[in-house]
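Here is the structure we will look at, set down as structure tokens.
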Amino acid sequence: MDHTASDASSPYPVKDFRFRVVILCLCICCFIASLDTIILSSTLPAIAASLQATTTDAYWCSASFLFAQSVVQLIYAVVARALNRRTCMLAALGFFGFASILCATARNIQWLIAARTIQGVGTGGTNALVQLILTDIAPLAERPKYTGLVTLFSALGLVIGGLCGAAIVQHTTWPLVFWINLPICVPTMVGFAWCLDAPPRQSSVWTAIKKTDWGGGIIVTGSLAGILFALNSGNAVYPWTSGRILSPLICGGVGLLGFVAYERFVARENAILPGRLFSNVTAVSAYIMALLHSIILWTATYYFFLYLTFCSHSYLGAAILMLPATLTFPPSAAIAGHIIGRTLKYQLANIIGFAFLVGGLSGLANLDELSSVGLQIGLLLIVGTGFGIPFISKVFMAQTAVAEDDQYMATAIVSTVTSVGECFGVAVSSTTFQNRWNSLLEKELKQTVLSVVIKGSDAERSTALLATLDKETASFYRHIAMQSFQTVWIVMGSLAGVALVLSLFIRDPKTKEATPTESSVEAIILDKKKA
């Protein structure tokens, strides 16, 4: 397929076989990213037992992945802009595949943590580049449709990941959760290498490198690293009042302020995040809503699964009961994406979606250990729909709210804050859950003596222990767990309410004209016929 064979006024490739291969590869990237993110949650106890890991070590198996995934995304965006998307995507998949081998062959927990960090570097790259490549190869009006398609695969990864992880724990050995990545990753790399390429550059690579704002990239990455380390470690590894938490948190915050000054007064026209990206309400709302949506999504995914285990469901049973949410997420996202693509209107979708979330999360706040399965399923259907409807619009909002040449970095910002939201979700929900648990526990200890004391820091890993306790003690801990879950849902419902209010202030684009970005010509489908 030749780009020149398409409409001469369009810089986008013809939708031939190779175009479809690229779209399929992007879908697979989203699938393996979500699969790998969710599958470890149900297999981590078995991995920790096999490698004789401490609670802190086991925690860092997940936290190191999220940490690395979040901090590298802007760096990938900067490098991809200086070089090309194909090289960066192949590098990201290479990191991911190599790290999967290291994870599967890990002989101790330190090895596994290091390998998971490398794997996060790869996943962060694929997450960032999927939307950037879509920005390159699809007109603005068609992007919601393709984003809906990749969302279907992402949700499929969540469904399969939860079920496979639970099944692997019960029926086989944990290295399989990492080996299954390779048969998926390798063909995807081949597909990108064959079908996605960049045309000859108008300037040399060295010129592009010199013009790149590396200083800004280093400052913002280092600042995010400090903040995310504090968020990932607070309450889980060190107390929030510890200098080991406050120091990186304060330094990261000061670093972000320094980054703003650097971009304005030093980088100027070469700034990776120029001030005009934050110059209107719709763009800023898109970034904030992407952050809030991610916080709520990953909190709900983890803590409702944990809630089901406290209701005495097995890991596999809990994964099956999560299906109503994971199966309503993709179709609602796809339908919303189709409508947004046809109308170029997204405000109503955000209002409806976050209204569903507020209602669904309010319902979750009333659940306890005796709630019926029917009620649980009904609320999950509402929450899953609420997550899906606004999912597509966050990237589309950011792209339509900025100038054409800035759509690339606006997309990168949305991708980055979405990953940062995962870390914030872990920090906010974990702190909320543990503080509520400890408060209720301290109140009980003043009135009676418990045979076993389970602190908030150990609560999330105590479901197996409850089965060994006497009925009265186990019932007490299940009761305070339910109250702790209710507090988490109230906090998440409040955040959804903030997003709902923000959605009232965004503005739909004034025109239906979908114009390309300047970088759109950088990624085309190879014309193998012209050999």
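Looking across A80, A92, one residue alone is part of a helix (DSSP H, G or I) and either farther than 19 Å from E422 by Cβ or in contact with a strand residue (DSSP E or B) (Cβ under 6 Å, 6 or more places away or on another chain) (or both). It is A80.
The residue that is nearest to M289 (Cα to Cα), counting only those in the stretch 400-416 that are touching a Lys or Arg at 6+ places or on another chain (Cβ under 9 Å) and not small (G, A, S), is V414. Among the residues examined, L375 qualifies as free of Cβ contacts under 8 Å to residues at least 24 places away in the same chain and under 24 Å from G497 (Cβ atoms). Of the listed requirements (1) within 20 Å of V72 (Cα to Cα); (2) buried (at least 24 other Cβ atoms within 10 Å of the Cβ), T151 misses just one: (1). Scanning the stretch 223-244 for residues that are crowded, with 17+ Cβ neighbours inside 10 Å and either modelled with pLDDT of 90 or more or not aliphatic (A, V, I, L, M) (or both) returns S223, G226, F229, N232, S233, G234, N235. Residues that are assigned to a helix (DSSP H, G or I), polar (S, T, N, Q) and either in contact with a helix residue (DSSP H, G or I) (Cβ under 7 Å, 6 or more places away or on another chain) or surrounded by fewer than 16 Cβ atoms within 10 Å (Cβ to Cβ) (or both) within the stretch 428-465 comprise S429, T432, Q434, N435, N438, S439, S457, T463, listed in sequence order.
Restricting the stretch 223-256 to residues that are assigned to a helix (DSSP H, G or I) and polar (S, T, N, Q) leaves a set whose member that is nearest to the chain's Cα centre (by Cα) is N232. From the list I392, I377, which residue is buried (at least 24 other Cβ atoms within 10 Å of the Cβ) and over 18 Å from T487 (Cβ atoms)? One residue alone meets the criteria, I392. A residue that is crowded, with 19+ Cβ neighbours inside 10 Å, in a helix (DSSP H, G or I) and of a type outside the set (A, V, I, L, M, F, W, C) occurs nowhere in the stretch 193-214. L44 meets all of the listed conditions (1) closer than 22 Å to A427 by Cα; (2) hydrophobic (A, V, I, L, M, F, W, C); (3) in contact with a Leu (Cβ under 9 Å, 6 or more places away or on another chain) but one, namely (3). For the stretch 467-506, filtered to residues that are farther than 26 Å from E442 by Cα and among the small types (G, A, S), the residue that is surrounded by the fewest Cβ atoms within 10 Å (Cβ to Cβ) is S494. Filtered by the rule that a residue be over 18 Å from V426 (Cα atoms) and of a type outside the set (G, A, S), the stretch 219-240 gives I219, V220, T221. Sub-9 Å Cβ pairs linking a first residue in the stretch 457-478 that is assigned by the TED database to the domain that holds F304 and touching a residue at least 24 places away in the same chain (Cβ under 8 Å) to a second residue that is charged (D, E, K, R) and not in a helix (DSSP H, G or I), at least 6 apart or interchain, are R478/D368; R478/E369, ordered by first then second residue.
Listed here are the residues, each with its yes/no results for (1) more than 19 Å from S100 (Cα to Cα); (2) assigned by the TED database to the domain that holds Y408; (3) among the aliphatic types (A, V, I, L, M).
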position	(1), (2), (3)
G120	no, no, no
L132	yes, no, yes
A141	yes, no, yes
Y146	yes, no, no
G162	no, no, no
I168	no, no, yes
I184	no, no, yes
A193	yes, no, yes
T207	yes, no, no
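The residues listed here are A300, A319, A355; of these, the one that is modelled with pLDDT of 90 or more, under 19 Å from L40 (Cα atoms) and part of a helix (DSSP H, G or I) is A300.
Any residue that is closer than 30 Å to V284 by Cβ and surrounded by fewer than 21 Cβ atoms within 10 Å (Cβ to Cβ) - is there at least one of those in the stretch 396-404? Within the stretch 396-404 (the criterion being closer than 30 Å to V284 by Cβ and surrounded by fewer than 21 Cβ atoms within 10 Å (Cβ to Cβ)), the answer is yes, since at least one residue qualifies. Suppose we keep only residues that are of a type outside the set (A, V, I, L, M) and part of a loop (DSSP other than H, G, I, E, B) within the stretch 365-412. Which one would you say is nearest to the chain's Cα centre (by Cα)? So the residue we want is F391.
The values are calculated or read from the model by the stated rules, or taken from the named source; none is laboratory data. Note that the coordinates shown come from a computational prediction; the quantities given were computed from them, not determined experimentally. Cβ coordinates were reconstructed from backbone atoms using ideal geometry, including for glycine residues, and neighbour counts include every protein chain displayed.
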